[in-house]
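The values are calculated or read from the model by the stated rules, or taken from the named source; none is laboratory data. Computed from a predicted model, the values in this text were never measured in an experiment. Please note: Cβ atoms are built from the backbone with ideal geometry, for glycine as well, and neighbour counts cover all protein chains shown.
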Amino acid sequence: MAIAIVPMTERDIPEAVECVQTTFAEDPYFLWLFDNTKYNIHRNAASLAAHFLYGLNCNSPMFVAKVPPSDKRSSTVVGVCWWFSPHPASKPVSWSVWAQDWMLSFRQLMYNVQFGGRGGLNMRRYLLWKSMQKQTHDAVWKDPRGYYFCNVIAVSAEMRGKGVGRKLVEVVTRQADREGIPCYLESSKGVPNMVIYQKLGFELVTEMDCVDGKDKCKLYCMVRQPQEKTGTLIAES
């Protein structure tokens with residue numbers, strides 16, 4: 001089966017949302033972050049679509065894995081990845097990104113009104129995670145030029161083991177190698193994800209333990225240094 005990795009467009013968003021929702025339905029991070037008794041799949045879909053639109057408008061590296069349409073498959077999107085481009089900590093955020101931040105906040109506010117809340121999102125846990133994530137980035141992001149940050153990667157269940165995830169990672173890591181920029185990701189599954197990412201050049205640098213009462217979620221933080229075509233690492237500047 002031919003699998004094409006292509007830049008995401010606005011027309012791909014509905015299928016990309018469906019791919020992410022089905023992939024993360026049993027994900028440890030998702031289960032920790034959302035109250036399943038209040039979860040609203042439609043509110044979550046609206047939020048994901050707003051975030052994807054935000055990423056596109058910010059010119060983030062965003063790609064989808066597509067297969068040809070067929071009678072057996074209603075969706076052609078079988079994988080999604082969304083990366084943030086490297087941004088030096090010393091450089092202020094551009095006005096265009098600042099404007100998109102406000103647009104995203106406005107859309108989320110409107111969805112809160114439309115759906116009567118955040119669809120089961122536990123805001124206390126979300127803010128806890130964001131705080132821990134910032135502390136982690138401050139500690140492990142050593143390169144002043146910034147990192148390519150894998151924000152979301154999802155592959156539909158029937159396409160796992162066929163190299164789709166690898167292709168979604170490599171489409172950005174190859175660009176990072178050309179630019180000499182490191183990459184970073186956070187995985188909520190140690191097995192089998194860490195082994196897969198290690199084969200792609202990532203190394204575990206630390207772990208985040210998100211704990212709220214008796215519930216906890218562990219995130220594995222991994223960094224990939226830029227590599228030359230020969231496979232040797234390029235030293236950090």
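With respect to the conditions (1) closer than 19 Å to Phe24 by Cβ; (2) in contact with a helix residue (DSSP H, G or I) (Cβ under 6 Å, 6 or more places away or on another chain), Gln133 lacks only one, and its number is (2).
Of all the listed residues (Ala89, Ala139, Ala154), the sole one being out of contact with any His (no Cβ under 6 Å at 6 or more places or on another chain), of a type in the set (Gly, Ala, Ser), at pLDDT 95 or above and over 19 Å from Val20 (Cβ atoms) is Ala139. Search region 96-144 for residues being among the basic types (Lys, Arg) and crowded, with 16+ Cβ neighbours inside 10 Å, and hand back the single one that is farthest from Leu33 (Cα to Cα). Selected residue: Arg107. A count restricted to region 153-169 and to residues that are within 19 Å of Ile181 (Cα to Cα), in contact with a helix residue (DSSP H, G or I) (Cβ under 9 Å, 6 or more places away or on another chain) and of a type outside the set (D, E, K, R) stands at 1. Residues in region 178-192 that are in contact with a helix residue (DSSP H, G or I) (Cβ under 9 Å, 6 or more places away or on another chain), of a type outside the set (Asp, Glu) and not in a loop (DSSP other than H, G, I, E, B): Cys183, Tyr184, Leu185, Ser187.
The number of residues in region 161-202 that are in contact with an Asp or Glu (Cβ under 8 Å, 6 or more places away or on another chain) and among the β-branched types (Val, Ile, Thr) comes to 1.
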